[in-house]
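The values are calculated or read from the model by the stated rules, or taken from the named source; none is laboratory data. All figures in this text were calculated on a predicted structure; none of them were measured in a lab. Quick reminder, even Gly has a Cβ in these numbers, built from the backbone with ideal geometry, and neighbours come from all protein chains shown. Accessible surface areas use protein heavy atoms only, side chains included; no ligands, DNA or RNA. Shrake-Rupley method; radii C 1.70, N 1.55, O 1.52, S 1.80 Å.
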Amino acid sequence: VAWLSSVKTRPPATIGSDGVTDNYRDLKLKAFAKRRLRRIERSIMFLLNSPESLTVEQYHALRIEFKRLRYALDFFSSMLGAKRFAAYQASLVRLQDLLGSLNDHCTASRLLASMSPIKALEPLVHGWIAGRVDLLLGSLSQELRCFKECRRVL
């Protein structure tokens, strides 16, 4: 990234012909990075408009968006000042972990329903999974508040 920001001439645009090129063509690298990061943030905030009604698929999509944001932030952090983003990055890591665990529990519940060999244990295991999901959703709600508070670091 440091090398890219030191390049004096602009290479030809190669993003594509979908109009994205025009939005980014005249930006300096730091402005480009901020715009890309904010764009990913907007897609996350769109998914979080009503977090209480998210489906399993939407939670998975949210996890993917947080992963995109985290990796993009890691890529651009040397240019934007890594220390400034420490709390933000830590929040992204925790959110990815929580959403990954939530996905694992929902997948386990779905698999259990389709192939449960011992029907007597099924209610017990489903109850345990449901309890874990409730705990994860509570932690996720708290971590989303933290993310929203520290997301304006760009």
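What the table below lists for this structure:
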| read-out | value |
| --- | --- |
| Any chance S109 is of a type in the set (S, T, N, Q) and under 18 Å from the mean Cα position of the chain (by Cα) | no |
| Every residue from the stretch 64-104 that is aromatic (F, W, Y) and closer than 16 Å to K148 by Cα | F66, F85, Y88 |
| Selection from the stretch 31-66 of residues that are within 16 Å of L136 (Cα to Cα) and either crowded, with 16+ Cβ neighbours inside 10 Å or in contact with a Gly (Cβ under 9 Å, 6 or more places away or on another chain) (or both) | L54, Y59, H60, L62, R63 |
| Qualifying positions in the stretch 43-80 - among the charged types (D, E, K, R) and modelled with pLDDT of 90 or more | R63, E65, K67, R68, R70 |
| Residue match in the stretch 92-103 (condition: of a type in the set (S, T, N, Q) and modelled with pLDDT under 90) | no |
| Any hit, the stretch 103-116, residues being open to solvent by less than 70 Å² (accessible area, probe 1.4 Å), hydrophobic (A, V, I, L, M, F, W, C) and under 20 Å from R35 (Cβ atoms) | no |
| Residues of the stretch 124-150 classified as closer than 17 Å to Y59 by Cα and of a type in the set (G, A, S), total | 4 |
| Near pairs, Cβ below 7 angstrom, 6+ apart or cross-chain, from the stretch 17-37 (farther than 20 Å from L80 by Cα and modelled with pLDDT of 65 or more) to any residue that is of a type in the set (V, I, T) and part of a loop (DSSP other than H, G, I, E, B) | none |
| For D74: the one exception among (1) touching a residue at least 12 places away in the same chain (Cβ under 8 Å); (2) under 27 Å from G138 (Cα atoms); (3) open to solvent by 40 Å² or more (accessible area, probe 1.4 Å) | (2) |
